[in-house]
Amino acid sequence: MADNNMVKVTVDGVEVSVPADYKIIDAAREAGIKIPTLCYLKGVNEFGSCRMCLVEATGARGLVAACVYPVSDGMVVTTDSPAIRKSRRNSLELILSNHRQECTTCERNDNCELRQLCADLGVDHVRYQIENLEPQLEESAPHLIRDNSKCILCRRCVAVCRKTQQVGVLTPADRGFATHIEHAFGRDMAEVNCVNCGQCIAACPTGALSLKSQTNQVREAIQDEDKIVIAITAPSVRVGLGDRFGEPLGANTEGKMVTALKRLGFDYVFDVDWAADVTIMEEGTELIDRIANGGTMPMFTSCCPGWIKYCEYYHHDLLPNLSTCRSPQQMHGGLIKTYWAERNHIDPSKIVVVSIMPCTAKKFEIEREEQRLDNGCMPTDFSLTTRELADMIVESGMVFGMLKDTPFDPIMGESTGAAVIFGASGGVMEAALRTAAVILAGPEADVPLIFEETRGLEGIKEATYQVGETTLRIAVASGLNNAERLIQAIKSGEAHYDFVEIMTCPGGCINGGGQPQHSAWEKSIKSIPAARIKGTYNIDDKMPLRRSLENPEVKMMYDEYLDRPNSHNAHQILHCTYVERELYKI
Amino acid sequence: MPNCKTTVPFAGTEEQERQLREVIAAHKGEQGPLMPILHEAQEIYGYLPEEVQKIIAEELNIPLSEIYGVTTFYTRFTLNPKGENQVSVCLGTACYVKGSASVLAEVEKVLGCEVGAMTDDGKFSVDATRCVGACGLAPIMLVNDDVYGHMTPDRVAGILAKYM
């Protein structure tokens, strides 16, 4: 039966039936053929600039770019011929001629897509090379380093910043041979409206954009005998770390991760999941209070530092809508340097809190002055990404797969299923609903545990729940382009909500800019965020406690120290204020 | 050549800003409003400094970086103000093979001002142009609308002196 929406295409002798709006590259993928690419990032950057994906197709003149050339019925495509191989090698050599090759010491030496392509396509020498190509470092931002001497002008960073994140601080400037990636008017990254999400690093095929690593400083702190160095690990790290060591995508490596941190020399290893449960107690209480007392609505979550900075740049009028809760990272650091320090009679200035995060924006968040505690300490001293932790594990020679499991240390190691799902888009919302439902409906009521509508990779999710006497209209968005669409709907009066969760990275923290990287090809054949989200909910399913208000170590902390959520003490340590930022500062 | 950021302080007037906002309002609903707005903005201000691009970015809700990318891509746009006298040397093929590069270098030397920039006193700005369609006179230098053909570096100082 003929389907008007499907066409038959033959790629290298393999016939496939594919949707009529496919590009050649999509049909080839279905035929089991990997067409080499550099500038292509499925769904984000498709404009045929790098010329690596050139193929022959019937009806086309000369070679065409498979990433942008549409299929048609009966089309016969050849992806491998002497002419194609020659063209691709030539293009690659020309790209290399202007690429500073310091591959052995480059941060991306183990997963550079350009280097991989040279290997795949048999480019074993370069005939042309610009002499004396110097590093062009831009290091002003806390989270990344840009080196245009390694940039191949694929524009994947530009596209992800503009389209996926709605920010657009990166642009190609000038033309021809002078073309380069920069910020408007050549400003430093720290001066522009970057939200530090790090998705540009995740998109970069080479080492042109790389993390600003702080592993050396952390190693120094560990060596310092006067310091007590404490690692706190975010929910998403345990389902991402294993990627680097060949574990299945989304595998829970929590126990091995704790062992590795102990062996690296951290004095204590606590779980930010514990602080996520604290966050729910604070944020849930704040929400109920806003509803009961006519506070500013809707309330927006405030766990995500990228979203906070976006709001500070773009939506000054929504700052009162942001929950005043600090992020779990900052709550945890704050409570370590107050509650835990006092309980153990330790001078908080001797404590070094190192967070392990899937996120690059956390590196900015820890420097925010309004987060400083009354005792003068900053809550968190260093924020390492999952990738930096993996680097340390590799350097220290631990065979990750052979590590035994170790539990987190008390008294900030216990957590509930509600906390671990914080890493997935919708997870903070579901966690809040689990606890809010019990508080609003009363402890005796039969309240739901699973809020299915909050889950999944949809950019915008919404639902209405009846909890006790209260009707809660909720919305969840991930990826700032989706967040912006949602905000516009709220501002225009088209949509009404009580509680809104925003995460900067598409799919949530599990897909943060600090997680282990995957090539454009891997991202085109499988959903990395989906696998990590699945891993996250699998952990939740197996947890004995699944509501934050059931966490015994959190209850103990309130009993011993803060009294109750949103108390005066809680406000001092766990809440904060926000600032208006000028979008384009001249 | 790089379209360098200007060092000249912005001196836009309220009247110019009013005109700019009118232009933006007139094109806002159109498809692809940026190019016509940039052209008219350059008519109003003589160049496209950050202050002007910022207004356009905010009004059109387009990132400033994107507008900067466009204005540095097209040689028609300038990020630097023009002097009272605009000196242009043709670098088209015919002029180039006849040695216009050395004429341009001499202009830069005499005025102490790089291509794309303006002299500190605001009297002169220097540009390199594409073919001006008078190849028979190559190499060519223009000062405002005055055409000087068959140029040699040793004539540059004398000609420019007339405009000082």
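Please give the direction-averaged projected area of the C-alpha convex hull for region B:14-73, in square nanometres with one decimal.
3.6
Compute the projected area of the convex hull of the Cα atoms of region A:6-90, averaged over all viewing directions, and report it in nm² to one decimal place. Walk me through the numbers on the way to the answer.
Values: hull surface 19.9 nm².
Orientation-averaged projected area of the Cα hull: 5.0 nm².
Taking only the alpha-carbon atoms of region A:506-586, what semi-axes of the equivalent ellipsoid follow from 5 times the gyration tensor eigenvalues under a square root, in whole Å, largest first?
Semi-axes (√(5λ), whole Å): 34, 27, 8.
Please list the equivalent ellipsoid semi-axes of region A:451-541, computed as the square roots of five times the alpha-carbon gyration tensor eigenvalues, in descending order and whole angstrom.
27, 17, 9
Regarding region A:113-166, what whole-number volume in Å³ per residue does the convex hull of its Cα atoms give?
Cα-based convex hull of region A:113-166, divided per residue, equals 117 Å³.
Once the other residues with Cβ under 11 Å from the Cβ of residue A:464 are scored (Lys, Arg +1; Asp, Glu -1), what is the net sum?
Cβ neighbours under 11 Å give a net charge of -2.
For the ranges A:230-243, A:432-445, what's the packing order if you count other beta-carbon atoms within 10 Å of each residue, average per peptide, and put the highest first? Numbers along the way, then the final one.
Values: A:230-243: 28.4, A:432-445: 19.4.
Averaged packing, sorted descending, gives the order A:230-243, A:432-445.
Would you give the gap between the C-alpha center of region A:113-134 and the C-alpha center of region A:415-444, rounded to a whole Å?
Taking the Cα centre of each part, region A:113-134 and region A:415-444 sit 51 Å apart.
Less than 9 Å Cβ to Cβ from residue A:473, Lys/Arg counted +1 and Asp/Glu -1: what total charge do the surrounding residues give?
That sum, taken over residues with Cβ under 9 Å, equals -2.
Of the residues B:87, B:107, B:132, which exhibits the maximal mean-square fluctuation in a Gaussian network model of chain B defined by a 10 Å Cα contact cut-off?
Of B:87, B:107, B:132, the most mobile in the Gaussian network model is B:132.
Within a 10 angstrom radius of each residue's Cβ in B:56-69, how many Cβ atoms of other chains show up on average? Whole number is fine.
6
State the Cα centre-to-centre distance between region A:211-273 and region A:333-370 in whole Å.
Each part reduced to its Cα centre gives a spacing of 15 Å.
Between residue A:563 and residue A:585, how high is the FRET efficiency from 1/(1 + (r/R0)^6) when r is the Cβ-Cβ distance and R₀ = 41 Å? Nearest 0.05.
Calculated transfer efficiency: 0.45.
Starting from 0 in steps of 5 Å, tell me what percent of the Cα-Cα pairs of region A:31-165 lands in each bin.
Histogram of Cα-Cα distances, whole percents per bin: 2, 9, 16, 20, 20, 14, 10, 5, 3, 1, 0.
Select from A:402, A:74, A:280 the residue farthest towards the positive end of the dipole of the protein assembly as shown; place +1 on Cβ of Lys and Arg, -1 on Cβ of Asp and Glu, and compute about the Cα centre.
A:74
List the residues of region A:286-313 whose backbone N lies under 12 Å from a point placed 7 Å from the Cα of residue A:496 along the Cα-to-Cβ direction.
Zone members listed by number: A:298.
On each of the three principal axes of the Cα atoms of region A:216-574, give max minus min coordinate, whole Å, ordered largest first.
In descending order, the Cα extents are 55, 52, 42 Å.
Computed FRET efficiency, Cβ-Cβ of residue A:347 and residue B:17, R0 51 Å: what is it to the nearest 0.05?
0.35
What distance in nm lies between label points placed 7 Å from Cα along the C-beta direction at residue A:132 and residue A:4?
In this crude label model, residue A:132 to residue A:4 measures out at 6.5 nm.
Where does the charge balance sit around residue B:25 when Lys and Arg score +1, Asp and Glu -1, over other residues with C-beta under 15 Å from its C-beta?
Here the count lands on -3.
Quick one: work out the % antiparallel among DSSP beta bridges in region A:216-574, nearest 5.
Antiparallel: roughly 25 percent of the beta bridges in region A:216-574.
Sequence gap at least 6, Cα distance under 8 Å: using those rules, report the relative contact order of region A:216-574 to the nearest whole percent.
Once divided by the residue count of region A:216-574, the mean separation gives 25 percent.
Which FRET efficiency value, to the nearest 0.05, is calculated for residue B:114 and residue B:60 with the Förster distance at 30 angstrom and r the Cβ-Cβ distance?
For residue B:114 and residue B:60, the calculated efficiency is 0.45.
Kirkwood hydrodynamic radius, region B:85-161, all distinct C-alpha pairs: what's the number in Å?
After inverting the pairwise mean of 1/r, the radius is 12.0 Å.
Using 7 Å Cα-to-Cβ label points, what is the residue A:394/residue A:90 separation (nm, one decimal)?
Label at residue A:394, label at residue A:90, 3.6 nm between them.
Anything over 21 Å Cα to Cα? Flag those among A:461/B:28; A:256/A:534; A:256/A:542; A:23/A:534; B:28/B:54, in the order listed.
Table pairs above 21 Å Cα-Cα are A:461/B:28; A:23/A:534.
How many nm separate the modelled label positions at residue B:152 and residue B:25, each set 7 Å beyond the Cα in the direction of the Cβ?
5.8
Taking 2.2 N^0.38 Å as the expected size of a compact globular protein, what ratio does the Cα radius of gyration of chain B give against it, to two decimals?
Compactness ratio reported: 1.14.
Treating only the Cβ of Lys, Arg, Asp and Glu as charged (+1, +1, -1, -1), what charge dipole size does chain A show about its Cα centre? Round to the nearest 20 debye.
Here chain A has a charge dipole of around 1860 debye.
For the protein assembly as shown, state the semi-axes of the equivalent ellipsoid (square roots of 5 times the eigenvalues of the alpha-carbon gyration tensor), sorted largest first and rounded to whole angstrom. Before the final figure, lay out each step's value.
Working: eigenvalues 516, 206, 143 Å².
In descending order the semi-axes read 51, 32, 27 Å.
Any idea how far the Cα center of region A:23-84 sits from the one of region B:104-164, in Å?
Centre-to-centre distance over Cα atoms comes out at 49 Å.
Among all the lysines, which ones have a C-alpha under 29 Å from residue B:109's C-alpha, if same-chain residues fewer than 8 places away are not counted?
B:5, B:82, B:98, B:123, B:162
Taking neighbour Cβ counts within 10 Å as the exposure measure, how do B:7, A:171, A:470 sort from fewest upward? Walk me through the intermediate numbers first.
Details: B:7 9, A:171 24, A:470 16.
By the 10 Å Cβ count, ascending: B:7, A:470, A:171.
Against the 2.2 N^0.38 Å scaling, with N counting residues, where does region A:385-437 land? I'd like the Cα-based Rg ratio to two decimal places.
So the Cα radius of gyration is 1.58 times the expected 2.2 N^0.38 Å.
Here, each number is a calculation from the coordinates, and none is a lab measurement. Everything numeric here is computed off the predicted structure, so don't read it as measured data. All Cβ positions, even for glycine, are placed from backbone atoms using ideal geometry, and neighbour counts span all protein chains on display.
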